[in-house]
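The values are calculated or read from the model by the stated rules, or taken from the named source; none is laboratory data. Model, not experiment: these values are computed from the prediction. Cβ placement follows ideal geometry from the backbone for every residue including glycine, while neighbour counts extend to all protein chains displayed.
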Amino acid sequence: MYRFLLTRQWVILTLIGLVLIPTMIELGFWQFNRHERRVDQNAMIARNLDAAPVPIEELTSPGHTVPREDKWRRTTATGTFDPANEVVVRRRTDADERVGYHVLTPLVLTDGRVVLVNRGWVASPADPKAFPEVPAPPKGTVTVVGRLKADETTKASGIKDLAGLPPRQVMLINSEQRSKAIGKPVLAGYVEQTSPKAEGNTPKQIPDPDHESIGAHMAYAIQWWLFTTAVPVGWVILVRREVSDRRAAAARETSEQPEPAHA
């Protein structure tokens, strides 16, 4: 009765099921691991945002790579803004998903080194090649408080560092690139300014990162594992249905056979 399982159609169906089971198990663990990383990332961000700010010189230096555990760390930097070397970073959105620019202003520290300060978001002008209207930074010595971020790269961000951009416009916030342009040593990474507040909220300062949402990765993991159990259950149901259909067909053939003639 079960010899039909050796037919080409059923062999292919069974092999597909055997391939799907480990594949969906692996996809479930992939989503579960993403959930774990998101939870760990949220906890790290929360710790760094709650920690007392420390001087930027204790966290980074020129040529340094900001480690993951220091990202979003609250930090302070004291120096003088250098508006002459200020640039804007293209294709950045605000909380309302409006596309504009981030304002990147060098802050010259007392020792002559420079830290890049992201002062916030401004709207795009009508002419995309024109430099947007950006309020001047405070004059004199100022202490900036903000969140430490790592350098942006084309590989990590997926953003192409386009050539031929309008003057004073860049695609990435990268300390090495800005160091070459400014001609001074620049501390690795940059600071997202949270204090002092800009007058009139312009540039619009960047809000804290979302560190409460965990996404739907756990739900996706459970979904994949449920799909995994559905494969063998579905296979058994199909086999039983095939057996039932074959038995019914055999019974019909038996009932339709003519009775033997009696002498």
Taking first residues from segment 200-221 that are farther than 20 Å from Arg37 by Cβ and surrounded by 12 or more Cβ atoms within 10 Å (Cβ to Cβ) and second residues anywhere that are of a type in the set (Ser, Thr, Tyr) and modelled with pLDDT of 90 or more, the pairs with Cβ under 8 Å that are 6 or more apart or on different chains are Gln205/Thr194
For Gly234, are the conditions met, namely being surrounded by fewer than 17 Cβ atoms within 10 Å (Cβ to Cβ), in contact with a Lys or Arg (Cβ under 7 Å, 6 or more places away or on another chain) and either of a type in the set (D, E, K, R) or not in a strand (DSSP E or B) (or both)? no
I'd like to verify a number: residues in segment 81-100 that are within 17 Å of Ala126 (Cα to Cα) and not hydrophobic (A, V, I, L, M, F, W, C), how many? 6
Going residue by residue through segment 92-109, is there one that turns out to be under 20 Å from Glu176 (Cα atoms) and among the charged types (D, E, K, R)? no
Answer residue from segment 200-225, given it is outside any loop (DSSP other than H, G, I, E, B) and among the polar types (S, T, N, Q) and is modelled with the highest pLDDT among those: Gln223
Quick check on Asn118: is it among the polar types (S, T, N, Q) and part of a helix (DSSP H, G or I)? no
Give me the pairs, please: first residue somewhere in segment 107-125 and more than 30 Å from Ala95 (Cβ to Cβ), second residue anywhere and in a strand (DSSP E or B) and of a type in the set (Ser, Thr, Tyr), beta-carbon distance under 6 Å, and either six or more positions apart or on two chains. Val108/Thr80
Kindly indicate whether any position in segment 93-111 is under 23 Å from the mean Cα position of the chain (by Cα) and closer than 20 Å to Gly63 by Cβ. yes
